[in-house]
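Here the structure is laid out as structure tokens; the discussion comes afterwards.
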Amino acid sequence: MIRRRKIKVLLIDDDSDAVEITRARLEAKGFRFCGITDEVEGINIVRSQKPDIILLDVAMPRIDGFSLCKIIKGDKKLSRIPVIFITSKELISHVEKGFASGGDDYILKPVDWDRLIEKIEKLL
């Protein structure tokens with residue numbers, strides 16, 4: 001079993017409520033958590049902190065999650081970090097675009113927390 005205390009999860013989502021809910025849920029399950037509501041600053045956090053896994057919202061004001069994922073996966077130093085999209089966008093075309101941009105998995109809002117944790121542990 002994975003030791004959750006060692007797993008650093010980064011969420012980039014422009015919704016501060018979503019960040020705080022995710023923080024509460026994941027920290028309660030023993031994960032280390034960092035959440036950021038600014039997608040541009042999120043790129044800097046990814047580069048400086050190198051989280052074990054990244055959770056990305058799709059719809060953000062300046063850079064959408066698909067584009068952000070391409071930036072992350074296009075950087076040799078970051079490309080191995082798994083990315084899970086967390087979004088309310090459930091069209092097949094959005095799911096396909098998520099995987100095409102380099103995403104490793106996709107989960108819909110409202111989040112099934114047990115399923116998200118399973119996905120995190122599976123990717124690590």
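Quick notes on this structure:
- Sole residue being at pLDDT 95 or above, of a type outside the set (S, T, Y) and over 14 Å from the mean Cα position of the chain (by Cα), chosen from D104, D112: D112
- One residue stands out in region 40-75 among those that are small (G, A, S) and part of a helix (DSSP H, G or I): the one that is farthest from L10 (Cα to Cα), namely S67.
- Scan of region 34-70 for residues that are buried (at least 16 other Cβ atoms within 10 Å of the Cβ) and among the β-branched types (V, I, T), ordered by number: I36, T37, I43, I45, V46, I53, I54, V58, I63
- Every pair of residues 6+ apart whose Cβ atoms lie under 7 Å, when the first sits in region 54-70 and is in contact (Cβ under 8 Å) with a residue 24 or more places away in the chain while the second is among the basic types (K, R) and in a loop (DSSP other than H, G, I, E, B): V58/K89; A59/K89
- Of the listed requirements (1) on the phi > 0 side of the Ramachandran plot; (2) part of a helix (DSSP H, G or I), G30 misses just one: (2).
- Residue list for region 19-33, filter: crowded, with 19+ Cβ neighbours inside 10 Å and either closer than 11 Å to L56 by Cα or in contact with a helix residue (DSSP H, G or I) (Cβ under 7 Å, 6 or more places away or on another chain) (or both): V19, F31, F33
The values are calculated or read from the model by the stated rules, or taken from the named source; none is laboratory data. Fair warning: this is a prediction, and the values are worked out from it, not measured in the lab. FYI the Cβ positions are ideal-geometry reconstructions off the backbone, even for glycines, and counts take in every protein chain you see.
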